[in-house]
Amino acid sequence: MPHTLRELAERFALGLKGDPALTIHGVCGLSPGRPGCLSYLADPKFHKQLAGTAASAVVLTAPAAEAYAGAALIAPNPLLAFARIAALFDAYRDFPADSVHSTAVIGAGVRLGPGSCIGPHAVIADGAEIGDGCFIGPNCVVGQRAQLGAGVRLASQVFVWHGVRIGARCNIEPGAVIGGRGFGNAPTPEGWVEVPQLGSVVIGDDVEIGANTCIDRGALEDTIIEAGVKIDNLVQIAHNVHIGAHTAIAACVGVAGSTRIGERCLVGGACGISGHIEIGDGVILAAGSMVTKSLPGPGHYAGPLPAALARDWRRDIARLRRLEHLESRVRALEELKR
Amino acid sequence: MPHTLRELAERFALGLKGDPALTIHGVCGLSPGRPGCLSYLADPKFHKQLAGTAASAVVLTAPAAEAYAGAALIAPNPLLAFARIAALFDAYRDFPADSVHSTAVIGAGVRLGPGSCIGPHAVIADGAEIGDGCFIGPNCVVGQRAQLGAGVRLASQVFVWHGVRIGARCNIEPGAVIGGRGFGNAPTPEGWVEVPQLGSVVIGDDVEIGANTCIDRGALEDTIIEAGVKIDNLVQIAHNVHIGAHTAIAACVGVAGSTRIGERCLVGGACGISGHIEIGDGVILAAGSMVTKSLPGPGHYAGPLPAALARDWRRDIARLRRLEHLESRVRALEELKR
Amino acid sequence: MPHTLRELAERFALGLKGDPALTIHGVCGLSPGRPGCLSYLADPKFHKQLAGTAASAVVLTAPAAEAYAGAALIAPNPLLAFARIAALFDAYRDFPADSVHSTAVIGAGVRLGPGSCIGPHAVIADGAEIGDGCFIGPNCVVGQRAQLGAGVRLASQVFVWHGVRIGARCNIEPGAVIGGRGFGNAPTPEGWVEVPQLGSVVIGDDVEIGANTCIDRGALEDTIIEAGVKIDNLVQIAHNVHIGAHTAIAACVGVAGSTRIGERCLVGGACGISGHIEIGDGVILAAGSMVTKSLPGPGHYAGPLPAALARDWRRDIARLRRLEHLESRVRALEELKR
């Protein structure tokens, strides 16, 4: 459904520059942009794309709007305003309320909140509670006595195991596994003996969990993900990890058992974080960092060797391994001095 | 079904050495090999296994065949010839054409191409188009208006979300998630606000996508995988990435958002590639490389510290962290010189 | 069901200190602990938590028990004893024996062992053999002629492809893919040609495989996982890898094709292991190690740069890249000496 610039400005309390009757049919990127669509400029490094955009209007800050001749919506946080407008054009989350597909399997004593939609081949086990207005997509499995808050969305093929508790408005992407067994085994001379994992997973409100991400249940106490945490795809959260509110974790990260990550941290992609350590509030970890000790927060940490031409890289590694020799040569020179 | 050496030589235009009536019942590795079976020799480093093989015949190059007393098929590219022959013995991809399992759920307005097979518990949502001769395995989900070209194979539990377009003859392994939400969130003082992901994923012909691999939909424009790309298991491709034709990506790689990878690149396992950078055509990345800046192609790049005995490794790291001190000692010696 | 301390001591042949009639209703962590529950102390570094625990009894070693005033069960390996006791309180693995859900799809010629349970929407393909007392959870797929030993548990949405053989008592977590296509493609000037993967996967007894982990089938021979191996979540095992008995592999590890890992190894999280190499028995690899060459065992190996403050890290990397210059300066000083 199209909207005029005036409607959008009023609905989201934004400034307006240009023709208020201009009709917006959708959203687009800044470069090249699409006529009839709205774009946005948040990061100044894309400012040079502004002049050439084919978008019919752009959301930007007041200073940026001054230098722009075209139609604009003006916001202190253009990305945020744009995100809210774009949601008007995002039809794919609509679902038929109060519907249970004929192929879904619903166990005994299940509570289905009003307005919920249970998709084809979904399985809701005995005693599970599904909050109001939830969407449980095709082939999802919700285990015994698991609890989902209002407005939770399990996209498809999501697995939520027994007793897991998920807060309101969480969004869980396809293939995520919440509450699988923690990796606990006791060594014996004859091999490993499995240690039962009797804790659960507790997830706060407004959490996002990416595709094929795994969050293991706790060994004895629970694994905890606080409200507002955003976790990308293919992330591993081991048993008894605790992640503070509003922390964001990019894809391919692994967090080992019993580690505590503070609030409002940013964990870059492919980081590895050891078990039984503590990462303070507000820590920023560059992609690929390997964290083996507790880190106080706030602070910006980095880690890996950046890729180099293979020839140069081999020489760097060889020089690193020759450092002992270089140190001893310097020591010899120093002794000659005395 | 067995084949004689002569049949194979004629069908694939190969040279033949030895008894043309020799019957081949299957394929095998070179060492130890199996009587009645065909093996191959492509990499010269395995040449010493040739003399002792129990295989009844071997595909090899003309020079290698000269030095070999046994039965042989002769090809300029022995692995390629072998791959084509081995396919004759690979029965597992056969499926009953024009079959829709009684438990599959087919939405309104779905186009099912002739010759296709829809497996048990598969879900094909409204308006999806399934090309001719596709195989949609058990528990797969194909979203609304998604389009699959002819001969596509979704192995099992594959998730293809709404509007995704997949070219002809693509092979997608179990658990892969194509078109999940990109990881886009706008920061606000109160926490993250989700940025709708309104682009899609467009995949060219002859692409392979590995098990549990995730390819996110674009934020505004599409994520693009060009023809002939081969992607292994547990790979993360973020929103708006563009991967050029015939590039191969090994397992456990993560590619962050909006990065562009050129054609005919080879990306080793467990590489991490930052967002918003460009990797040129023909780049070869050694396993475990962490790429944080654009790399021109072609070229061979490498990255990580190779594992060492823990004792030596601790000393290397300590020496690296003492380098500042070593540099100042060398500076002191140089000043004494003057 | 509650148990008295005396019952537990007799059943598991443990020493007892305190009131034998004390009733244990469950298990808990040491700190803070829960009244009515049993905890354990295995790692001496948690000894200081013992005095303050609210647990009603604790499993510990004889020396630790001497210094403890509370009720105790005494065992040489407290974690092992605790694991066995905790299993008494782990109800979630119970399942209705001899049950096949009405929505499960069972192919022709399938053997279902007595006592097995086949969950909703599971698919068992033609000719598969399911051992006695197996649990096949919701939405699992077992391929043609696959064989599962007695007591195997496929949690949910597990994919076991055709011809795979799995030993007794294996536990496979949600989303794992066993027997997907190995990543084998032959390069040609026109692009990649798929090499059929005609081997299988053979898994020994008592193996654990984590959520969303992938174990590819062999190209010509089989991929082999020996008895007692424990593999965590999101691990990639490529075609023709061989993993020795009782080796444990933590999450996010990738093992490339044809590599052989010995017995009783410990592979830390996020390690990357190259193809066609050999890792000896008893090798311990620290988390994040990148292994590019064969490593003799036993031995303790380590690898990555640990994360540092970004400012320090940038200086370390710059100094590493200046090492060539530093070496030449030292050489100049040495030449002046002569």
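The values are calculated or read from the model by the stated rules, or taken from the named source; none is laboratory data. Predicted model only: the values in this text are computed from it and were never measured. Every residue, glycine among them, receives a Cβ derived from its backbone with ideal geometry; neighbour counts consider all protein chains shown.
Only one entry of A:Pro138, A:Pro187 meets the criterion of being in a strand (DSSP E or B) and either of a type outside the set (Val, Ile, Thr) or surrounded by fewer than 24 Cβ atoms within 10 Å (Cβ to Cβ) (or both), and that entry is A:Pro187.
In segment A:54-82, how many residues are over 13 Å from A:Ala9 (Cβ atoms), surrounded by fewer than 24 Cβ atoms within 10 Å (Cβ to Cβ) and among the aliphatic types (A, V, I, L, M)? The total comes to 7. Checking the conditions here, which among A:Arg315, A:Arg264 is modelled with pLDDT under 95 and not in a strand (DSSP E or B)? Testing whether each residue is modelled with pLDDT under 95 and not in a strand (DSSP E or B) leaves just A:Arg315.
Counted as qualifying within segment C:1-97 are the strands (runs of 3 or more DSSP E) with 2 or more residues that are over 17 Å from A:Gly199 (Cβ atoms), namely C:15-17, C:57-60, C:71-74. The selection criterion, being at the interface with chain A (Cβ under 7 Å from one of its Cβ atoms), more than 38 Å from the chain's Cα centre (by Cα) and surrounded by fewer than 18 Cβ atoms within 10 Å (Cβ to Cβ), holds for C:Glu324. Of all residues in segment A:132-152, exactly one satisfies the criterion of being among the charged types (D, E, K, R) and either over 28 Å from C:Val141 (Cβ atoms) or not assigned by TED's automatic domain parsing to the domain that holds A:Val201 (or both), namely A:Asp132. Residues satisfying the criterion are present in segment B:186-202 (criterion: touching a Lys or Arg at 6+ places or on another chain (Cβ under 8 Å), assigned by TED's automatic domain parsing to the domain that holds B:Cys252 and more than 30 Å from A:Thr247 (Cβ to Cβ)). Only residues that are of a type in the set (S, T, N, Q), over 20 Å from B:Arg153 (Cα atoms) and not in a strand (DSSP E or B) were counted in segment B:209-246, giving 1. Of the residues making up segment B:109-131, none is out of contact with any Leu (no Cβ under 9 Å at 6 or more places or on another chain), modelled with pLDDT of 95 or more and not assigned by TED's automatic domain parsing to the domain that holds B:Gln157. Is it true that some residue in segment A:248-266 is within 9 Å of another protein chain (Cβ to nearest Cβ), out of contact with any Ser or Thr (no Cβ under 7 Å at 6 or more places or on another chain) and surrounded by fewer than 24 Cβ atoms within 10 Å (Cβ to Cβ)? Yes, segment A:248-266 has at least one match.
Given the options C:Ile231, C:Ile284, C:Ile279, C:Ile261, name the one that is in contact with a Gly (Cβ under 9 Å, 6 or more places away or on another chain), in contact (Cβ under 8 Å) with a residue 24 or more places away in the chain and either assigned by TED's automatic domain parsing to the domain that holds C:Ala176 or farther than 24 Å from B:Cys214 by Cα (or both). The unique qualifying residue is C:Ile231. All of C:Pro296, C:Pro306 fail the test of being without any contact (Cβ under 8 Å) to a residue 60 or more places away in the chain, more than 8 Å from chain A (Cβ to nearest Cβ) and surrounded by fewer than 23 Cβ atoms within 10 Å (Cβ to Cβ), apart from C:Pro296. Of all residues in segment C:186-204, exactly one satisfies the criterion of being facing another protein chain (nearest Cβ under 7 Å), in contact with a Leu (Cβ under 7 Å, 6 or more places away or on another chain) and not aliphatic (A, V, I, L, M), namely C:Thr188.
Every residue, every condition in (1) touching a helix residue (DSSP H, G or I) at 6+ places or on another chain (Cβ under 9 Å); (2) farther than 30 Å from B:Glu10 by Cα; (3) within 10 Å of chain C (Cβ to nearest Cβ), yes or no:
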{"residue": "B:Leu88", "(1), (2), (3)": "yes, no, yes"}
{"residue": "B:Ala91", "(1), (2), (3)": "no, no, yes"}
{"residue": "B:Phe95", "(1), (2), (3)": "no, no, no"}
{"residue": "B:His101", "(1), (2), (3)": "no, yes, yes"}
{"residue": "B:Val105", "(1), (2), (3)": "no, yes, no"}
{"residue": "B:Ala108", "(1), (2), (3)": "no, yes, no"}
{"residue": "B:Glu129", "(1), (2), (3)": "no, yes, no"}
{"residue": "B:Gly137", "(1), (2), (3)": "no, yes, yes"}
{"residue": "B:Gly151", "(1), (2), (3)": "no, no, no"}
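Got at least one residue in segment A:145-161 being modelled with pLDDT of 95 or more, closer than 23 Å to B:Ile124 by Cβ and touching a Lys or Arg at 6+ places or on another chain (Cβ under 6 Å)? No.
Looking at (1) without any contact (Cβ under 8 Å) to a residue 40 or more places away in the chain; (2) within 12 Å of chain C (Cβ to nearest Cβ); (3) part of a loop (DSSP other than H, G, I, E, B), find the lone condition where A:Ile178 falls short. Failed condition: (3). Can you confirm whether segment C:164-175 contains a residue that is more than 21 Å from the chain's Cα centre (by Cα) and either under 25 Å from C:Arg11 (Cβ atoms) or not charged (D, E, K, R) (or both)? No, there is no match, as no residue in segment C:164-175 is more than 21 Å from the chain's Cα centre (by Cα) and either under 25 Å from C:Arg11 (Cβ atoms) or not charged (D, E, K, R) (or both).
Inspect segment A:2-24 for any residue being surrounded by fewer than 17 Cβ atoms within 10 Å (Cβ to Cβ), closer than 14 Å to A:Phe82 by Cα and at pLDDT below 95 and give the result as yes or no. No. B:Ile249: modelled with pLDDT of 95 or more, in contact with a Lys or Arg (Cβ under 9 Å, 6 or more places away or on another chain) and closer than 18 Å to C:Ile273 by Cβ, yes or no? Considered against the rule, which asks whether it is modelled with pLDDT of 95 or more, in contact with a Lys or Arg (Cβ under 9 Å, 6 or more places away or on another chain) and closer than 18 Å to C:Ile273 by Cβ, B:Ile249 comes out as yes. Given the criteria closer than 29 Å to C:Ala104 by Cβ and either out of contact with any helix residue (DSSP H, G or I) (no Cβ under 9 Å at 6 or more places or on another chain) or not assigned by TED's automatic domain parsing to the domain that holds A:Ile249 (or both), does A:Arg181 qualify? When the stated conditions are applied, A:Arg181 passes them. Considering segment B:214-235, the residues that are surrounded by 24 or more Cβ atoms within 10 Å (Cβ to Cβ), within 24 Å of A:Gly29 (Cβ to Cβ) and within 11 Å of chain C (Cβ to nearest Cβ) include one that is nearest to the chain's Cα centre (by Cα), namely B:Val229. Within the option set A:Ala155, A:Ala125, being within 9 Å of chain C (Cβ to nearest Cβ), in contact with a Gly (Cβ under 7 Å, 6 or more places away or on another chain) and surrounded by 22 or more Cβ atoms within 10 Å (Cβ to Cβ) holds for one residue only, A:Ala125.
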